[in-house]
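Contents: one structure, followed by commentary.
The values are calculated or read from the model by the stated rules, or taken from the named source; none is laboratory data. Being a predicted model, the structure only gives us computed values, none of them experimental. FYI the Cβ positions are ideal-geometry reconstructions off the backbone, even for glycines, and counts take in every protein chain you see.
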Amino acid sequence: MEFRTLIIIMMSAALVNNFVLIQFLGICPFLGVSKQLKSATGMSIAVIFVMLLATAVTWPITIFLLQPNGIGFLQTIVFVLTIAALVQLVEITLKRFMPALYSVLGVYLPLMATNCAILAVVLLNINNEHSFVESLVNSLGAGLGFLLAMVIFSGIQEHLENADPPACMRGLPIALFSVAILSLAFFGFTGVVENLFG
Amino acid sequence: MAPHRKHTAGCTPLAIPVPAEVHIPMSMHSGAPANLIVGVGDSVTVGQLIGEAATRVCSPVHASVSGQIKRIDTYDPLTGAPAVSVRIASDGEQTLWEGLTPSPVTNLAEFLAAVQASGVVGLGGAGYPTAPKLTLKEGTKLDYILINGAECEPYITSDTRTMVDHTADVWAGALLLKEYLGPKNVVICIENNKPEAIQKLEALCAGVQGMRVHVLPSLYPQGERKVLVYNVTGRIVPEGARLTDVGCIVINCTTVAVIAQYIRTGLPLVSRCVTVDGSAVKHPQNVIAPIGTPIRNLFEFCGGLKDDVKKIILGGPMMGAAVPSLDVPVVKVTSAILALSGRDAEAPTPSACIKCGRCVAQCPMNLMPSFIEDAFERKKVELLRTHKVNLCVECGCCAYLCPSKRPLAQVMTLSKKLLWGE
Amino acid sequence: MTRMIVSFAPHIRERVTTSRIMLDVIIALCPAFIAAVLIFGPRAALVTGVCVASCVFFEWAYQKLLKKTITVGDFSAVITGMLLAFNLPVGIPLWQAIFGSGVAIILVKQLFGGIGKNFANPAITARIVMFISFPAAMATWAPIPVDAISSATPLELIQRGDLAALPGMWDMFIGTRMGSLGETSALALLIGGIYLLARRVITWHIPVAFIGTVFVLTALLGIQPTFQLFAGGLLLGAIFMATDYPTSPQTRTGRIIFGIGCGVLTVIIRAWGAYPEGVSFAILFMNVLVPFINKLTMTKPLGGIKKKP
Amino acid sequence: MNMIVIAILSVTTIAAILAAVLCIASRVMAVEVDERLQTIKDCLPGSNCGACGYPGCEGYAVALLSGDGIGANLCPPGGAVLVAQLSEILGVTAENVAQSIAVVRCMGDRDAQQTKMEYKGIETCKAAKQLFGGAGACAFGCMGYGDCQVVCPSDAVCMENGLARISPARCTGCTLCVKACPNQLITMESTSIATAVLCNTIEKGAIVRKKCSYGCIACGKCVRECPSNSIIMKHNLAQIDYETCTGCGRCVEVCITHCIQPLRPIQEPVAMESEATLV
Amino acid sequence: MSKLSIFMKGIIKENPVLVFALGICPALAVSSQAVNAVGMGLATTFVLLCTNTVISLLRKVIPDKVRIPCYIVLTAAFVTITQLIVKAYVHPLYLALGIFLPLITVNCIIMARAEIFAKKNRLFDSVIDALGMGLGFTLALLAIASIREIFGNGTWFGIELPVLAEHNISIFMLAPGGFIAFGILVAIANKVSNGRAAKLKESGCARCPAATACGKGGAA
């Protein structure tokens, strides 16, 4: 598990099959939160934090508790419960210690409980039989990919405010077309990570 | 950048016949309007005080013709704004006011009193009363007095004619400023498309310590005060500070000449050299007109207007204001009146901004007009503040260059209003 | 009494108009068009004609449908059509070219509000959509009359590693090599570029920064730097595509950063990416970053003081 | 069999641990927020018009909660419904809200008003005001470029032939249009008044007659004819004193330039819903 | 609310995917094949049906403060059941859906319907609402999937289409095509409900998918 494969895992999770733009995970917050740069970065950092925390908690539970006893099918319930609890924990701590960030993010924190990206990362770590460090790195890569897509898309959203699409296209449709063009740009990275580090 | 079209540079100014009636507003300068001290029916003579200064930043108003006061209006019929103005029916004699006595000046206080009494204001177009501008706070050290002979607006040549015909007055005024305000050096800034003026003033400056002529490339907006200070002295006037905070004063060359004339003859600012030009004027030339003369008389003196005239402009084509009627009077700051016809007058219909960046590259104050226009259309006050639209000097370069013919200059003024919450 | 026109200062305007600028770009594209017809035969003219016609038609139809002012007169659709055609191999089936024009004009430009409001370059995005949608058609370079030239572009040859089959430098410069319509003849593109610079339609910052970065990086990586300059769509991309007004930054420093970014990404994709040609992906990715570059390189107003928030 | 037992056991233990962590955390880091602030904010119309005198609805909600006797009836757009809700939340007695509507004091549309120029600047009233007030001859009249229409949250303003018309049914009295008009043409009048002088000029009659066919030429007929002589002539403009005005409509009949107009059909009672004549 | 209107509401007027933009992740991810889309739709409908019935039965029992965690546990349980059923009986669908089958638990639609409808109405209404919403979801998925498959692959439910088979535009099978197809459909939905949906989207809270679940402050 030397350093090179870790880099591959992270870079491919962040760039090549980016969670939002290529694997369609976490689209709801991605479209909802990225109106300004501040809330986009705030949300992404919170997502990265919760992803890492969730991986750190759920991986040992599955490996040491669920799988040896053959009740692997329970993993969905357990994962969802832990993620929901973690999100609630993060919200309480944020409200207490960082009210500024909470005011920006307050509405979107509960949303992370129903965020596909976090549960997906955790499930993927288990399905791909990553080791503990590998799954942590994979979550970090997924989170960074989410951050990258969010930050870039917040730039486009601010640009979209000056655009005037037809009446029925305003809001969600024009955002979706912009995401389509953005994901086109990400196609360029296919193959780069393997050749670069492979 | 803009074409110069200085057709009337060669014509020496001719005095127009005395108008039948003059219409003198009390507020011909920036600052509070003057208080009227005459009533309907009083008879006045040329140079007699009819409006005294109300506050510190104000300048007195003098009658420019001898005759009887016909009517006093309390509002401006064109804009509807409250504005006191006097209509004087002239008797044609132009008898001078008997109180006109040359007032020799010995110290700074007397000099400033003379400048205030002469009723002179910044004749470059700003119209800020000159006396309060020259009274400096204690301890401000003055490195430069820049006498602004740049006159970069196309068509206008009245400053050029003043520097060529009244070189002695300009020179005397400069000496007065040097003596009483004590700047390290007095620089007369002239654009290189005025060779005659440069040659005359350089002859006078030769050998005099601390006085020199600075020849500038003729590029619009060279004559803008912050741009002039930067180009001549390299100093940048910070946001919100006045020019005196960087040790400079910019004063128009005609203003300096009028100060010198007042001290020499005692005659206040009652008439003014106005360039009459444009594609709809039959014989473009420079004229000397009493203040308050309706511009109709000036156009008739210059052979009248062609019949396809479509636009009348007070001031230059880059910063001047288009007016709807010919009864608007000549005021202290009117340096030119233009009449444009046909294609020149047509205001092009704007098309969508293609973000070509020409306005960003050209703005003398380094602003970003296309982004400011986007922010203005979305009413984003915070973004206007970060783009510092308050630093815009409304020179019109961005709108001049725009290939999509977008009204950027008007957007800038409206953005400033939006920023200041009007 | 005639009613005077009253409008805000300034009352005189420079003669240049948007359609005048676009006409200059079309003139600059003509040498490349002539070279394409000479090298690839009459079908090149057919493909370009179809692209231009469909782009203009889509723009006209869209604006007619939504009752907007018809702006076909500013030739911007014509330019998008020509640039798209120059990015396609000569053997491209016409229905795919029409689909590409539809994507370029409707999806990327008009949906966002017409000229000036789009954030991605229409021609580049359409090329990528077609590159991904029709991989086979976009990779057959041989024109219908198959002649001596081997049917793989220089970049594909480099990627496959058989450097022997690479055409000579002179062929690369003149353009008698495999590649899409407009990108092969370096000579024609350079003539167009110089014309645009002379007419001050584009500034030198983006092309020089873009081509310079590619040259330097390929030299460092040791993969035939001079060869890479003329290969692929670099010249066409740097001179005509990256300098597209609404999708490139407006300040000088912003344009240099944009150029360098495009160069770096192009080399990354060319050296390690799965696709042989990286110019279009690089330009699209940098287009997406333009809002940030504009924010980063805001000009410092004369005398503006950074107010503490 | 034991797999089911293990499953139940493991899930309950995990749930219990998480529940414990949450309880401790919520107790340790509790932050109380006045719940009512949110509910009040939900009731307010959210048009941030400032008619209540506070910076937007958020400001008004915070002021209401600060409890120093702020009236619950300061929000005209909210109307009586809102007053009831607020007073019930705050436990305050519900007074009625002073209902008022906006009136455009001008009749000079493109046909009535002469044009003094070809206006070629930006088509908004604020921009036209800079350039001698747009195409209309009367500098005090309605420029017709629709700044009030753009800003009205309940789109009660319609531009008819270059003149702003406000329909009393839709106007919620939020005063946003009053601030938007550069000529201060729009004034707030209580819904109970009958007629209004729809002109705003201070120019003499002779000049007004040349500029606009509906303008008030200060002839004084309405002053003489008014039974409760509640009309006075000030600055060449008729002004109605609404305390003494009985709403008889006599002035409407006598006014020779039809500058005085009824706000609603006189005989019809004050009906808010109907799209009344014009204003 | 008549029974029929509850049912029809879910399909057009308040289609969870096109109007409220809920459950976009599965909608885009799985809709490259029409068969998978219908499979996903039915699975979600089944889970929605079970959760709605149980919640509306227990609506008096569940304390309000702890309602969200209970909903999550219920949904997770039913999803695991469906996962096992699908794995056992329809194995190819299981392989096709991949990780999106367990992701139904975090699908916002289920939480939304539980919060808005199930906890306030009787069993029979909740069941109809669940069916309506489920059908709405499936139809939306089917629409997206058919656009993508017809243009992208030239086939529909695997059947070769005459003309389109040779002229397929394969980008519709990939991510950008998914976004474009979904964007077109949302635009059509906006047009049909002439902007009511658009207005709804603009106001902040309705925009956030979890608005129904979070209930302002009382987080999960």
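Being over 22 Å from D:ALA137 (Cα atoms), modelled with pLDDT of 85 or more and hydrophobic (A, V, I, L, M, F, W, C) is the requirement here; does D:MET272 meet it? For D:MET272, the condition - over 22 Å from D:ALA137 (Cα atoms), modelled with pLDDT of 85 or more and hydrophobic (A, V, I, L, M, F, W, C) - is not met. If you check C:GLY91, C:GLY73, C:GLY114 for being outside any helix (DSSP H, G or I), modelled with pLDDT under 90 and either farther than 14 Å from C:SER180 by Cα or within 14 Å of chain A (Cβ to nearest Cβ) (or both), only one passes: C:GLY114. Within region B:292-309, residues that are part of a strand (DSSP E or B) sit with their Cβ atoms under 8 Å from residues that are surrounded by fewer than 17 Cβ atoms within 10 Å (Cβ to Cβ), at 6+ positions apart or across chains, in these pairs: B:PRO294/B:ASP327; B:LEU305/B:LYS282; B:VAL309/C:THR2. Considering only region B:235-245, I want to know if a residue exists there that is surrounded by 18 or more Cβ atoms within 10 Å (Cβ to Cβ), out of contact with any Asp or Glu (no Cβ under 8 Å at 6 or more places or on another chain), among the hydrophobic types (A, V, I, L, M, F, W, C) and modelled with pLDDT under 90. Within region B:235-245, one or more residues are surrounded by 18 or more Cβ atoms within 10 Å (Cβ to Cβ), out of contact with any Asp or Glu (no Cβ under 8 Å at 6 or more places or on another chain), among the hydrophobic types (A, V, I, L, M, F, W, C) and modelled with pLDDT under 90. Taking the listed residues C:THR218, C:THR226, the one that is in a helix (DSSP H, G or I), closer than 27 Å to C:TRP141 by Cα, in contact with a helix residue (DSSP H, G or I) (Cβ under 6 Å, 6 or more places away or on another chain) and of a type in the set (Ser, Thr, Tyr) is C:THR218, with no other qualifying. Mind checking whether some residue in region B:348-355 is touching a His at 6+ places or on another chain (Cβ under 8 Å) and either of a type in the set (Ser, Thr, Tyr) or more than 7 Å from chain C (Cβ to nearest Cβ) (or both)? Scanning region B:348-355, I find no residue that is touching a His at 6+ places or on another chain (Cβ under 8 Å) and either of a type in the set (Ser, Thr, Tyr) or more than 7 Å from chain C (Cβ to nearest Cβ) (or both), so the answer is no. Given the criterion over 19 Å from the mean Cα position of the chain (by Cα), assigned to a helix (DSSP H, G or I) and modelled with pLDDT of 85 or more, identify the matching residue among C:ILE268, C:ILE260, C:ILE256, C:ILE283. Only one candidate qualifies: C:ILE268. Any chance region E:10-21 includes a residue that's within 22 Å of E:VAL127 (Cβ to Cβ), assigned to a helix (DSSP H, G or I), at pLDDT below 85 and not polar (S, T, N, Q)? Yes. Against the list (1) more than 14 Å from every other protein chain (Cβ to nearest Cβ); (2) buried (at least 24 other Cβ atoms within 10 Å of the Cβ); (3) farther than 18 Å from C:MET22 by Cα, the condition C:PHE215 fails is (2). If you filter region E:145-168 down to residues that are within 14 Å of chain A (Cβ to nearest Cβ) and buried (at least 24 other Cβ atoms within 10 Å of the Cβ), you find that the one that is farthest from the chain's Cα centre (by Cα) is E:ARG148. Within region C:8-20, residues that are facing another protein chain (nearest Cβ under 7 Å) and crowded, with 18+ Cβ neighbours inside 10 Å reach partners that are assigned to a loop (DSSP other than H, G, I, E, B) and of a type in the set (Val, Ile, Thr) with beta carbons closer than 8 Å, at six or more positions or on different chains, in the pairs C:PHE8/D:ILE122; C:THR18/B:ILE354; C:THR18/C:ILE115. Contact map, region B:235-247: residues that are in the same structural domain as B:THR140 (by TED's automatic domain parsing) paired with residues that are of a type in the set (Ser, Thr, Tyr) and surrounded by 15 or more Cβ atoms within 10 Å (Cβ to Cβ), Cβ distance under 8 Å, separation 6+ or inter-chain. Pairs shown: B:ILE236/B:TYR230; B:VAL237/B:TYR230; B:VAL246/B:THR233; B:GLY247/B:TYR144.
Once region B:324-345 is narrowed to residues that are facing chain C (nearest Cβ under 7 Å) and not in a helix (DSSP H, G or I), the residue that is nearest to B:THR130 (Cα to Cα) is B:PRO324. Scanning region B:121-170 for residues that are small (Gly, Ala, Ser) and on the phi > 0 side of the Ramachandran plot gives B:GLY125, B:GLY127, B:GLY139. Within region B:395-412, the set of residues being buried (at least 19 other Cβ atoms within 10 Å of the Cβ) and not aliphatic (A, V, I, L, M) comprises B:CYS395, B:GLY396, B:CYS397, B:CYS398, B:TYR400, B:CYS402, B:PRO403, B:SER404, B:ARG406, B:PRO407, B:GLN410. In region C:279-303, the residues that are farther than 15 Å from C:ILE260 by Cα and more than 9 Å from chain A (Cβ to nearest Cβ) reach residues that are acidic (Asp, Glu) and not in a helix (DSSP H, G or I) with C-beta atoms within less than 8 angstrom, at least six apart or across chains, in these pairs: C:PRO301/B:GLU239; C:GLY303/B:GLU239. Any residue that is surrounded by fewer than 22 Cβ atoms within 10 Å (Cβ to Cβ), under 19 Å from the mean Cα position of the chain (by Cα), more than 14 Å from chain C (Cβ to nearest Cβ) and part of a strand (DSSP E or B) - is there at least one of those in region B:279-288? Taking every residue of region B:279-288 in turn, at least one turns out to be surrounded by fewer than 22 Cβ atoms within 10 Å (Cβ to Cβ), under 19 Å from the mean Cα position of the chain (by Cα), more than 14 Å from chain C (Cβ to nearest Cβ) and part of a strand (DSSP E or B). Restricted to helices (runs of 4 or more DSSP H) entirely inside region A:116-198, those with at least 3 residues that are within 14 Å of chain C (Cβ to nearest Cβ) are A:132-160, A:172-187, A:192-197. Scanning region A:23-49 for residues that are more than 18 Å from A:GLN88 (Cα to Cα), part of a helix (DSSP H, G or I) and either without any contact (Cβ under 8 Å) to a residue 24 or more places away in the chain or touching a Cys at 6+ places or on another chain (Cβ under 9 Å) (or both) yields A:ILE27, A:CYS28, A:GLY32, A:VAL33.
For every residue, the table says whether it meets (1) in contact (Cβ under 8 Å) with a residue 60 or more places away in the chain; (2) within 23 Å of the chain's Cα centre (by Cα); (3) surrounded by fewer than 17 Cβ atoms within 10 Å (Cβ to Cβ).
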| position | (1), (2), (3) |
| --- | --- |
| B:VAL57 | yes, yes, yes |
| B:VAL61 | no, yes, no |
| B:ILE72 | no, no, yes |
| B:ASP91 | no, no, yes |
| B:SER103 | yes, no, yes |
| B:SER118 | yes, yes, no |
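So which of B:VAL213, B:VAL186 is in the same structural domain as B:ASP143 (by TED's automatic domain parsing), assigned to a strand (DSSP E or B) and closer than 17 Å to B:LEU142 by Cα? The conditions single out B:VAL186.
Taking each residue of region D:73-93 that is part of a loop (DSSP other than H, G, I, E, B) and looking for partners that are loosely packed, with under 15 Cβ neighbours inside 10 Å with beta-carbon atoms closer than 6 Å, six or more apart or interchain, yields D:ASN73/D:GLU95. Screening C:ALA44 against (1) within 7 Å of chain B (Cβ to nearest Cβ); (2) modelled with pLDDT of 90 or more leaves a single unmet condition, (1). Looking across region D:165-196, the residues that are hydrophobic (A, V, I, L, M, F, W, C) and under 14 Å from the mean Cα position of the chain (by Cα) come down to D:ILE166, D:ALA169, D:CYS171, D:CYS174, D:LEU176, D:CYS177, D:VAL178, D:ALA180, D:CYS181, D:LEU185, D:ILE186, D:MET188. Given the structure, is E:THR44 in a helix (DSSP H, G or I) and farther than 29 Å from A:ARG170 by Cβ? So E:THR44 fails the test.
C:ALA274 falls short on exactly one of the conditions (1) farther than 22 Å from C:LYS109 by Cα; (2) part of a helix (DSSP H, G or I); (3) within 10 Å of another protein chain (Cβ to nearest Cβ), and that condition is (2).
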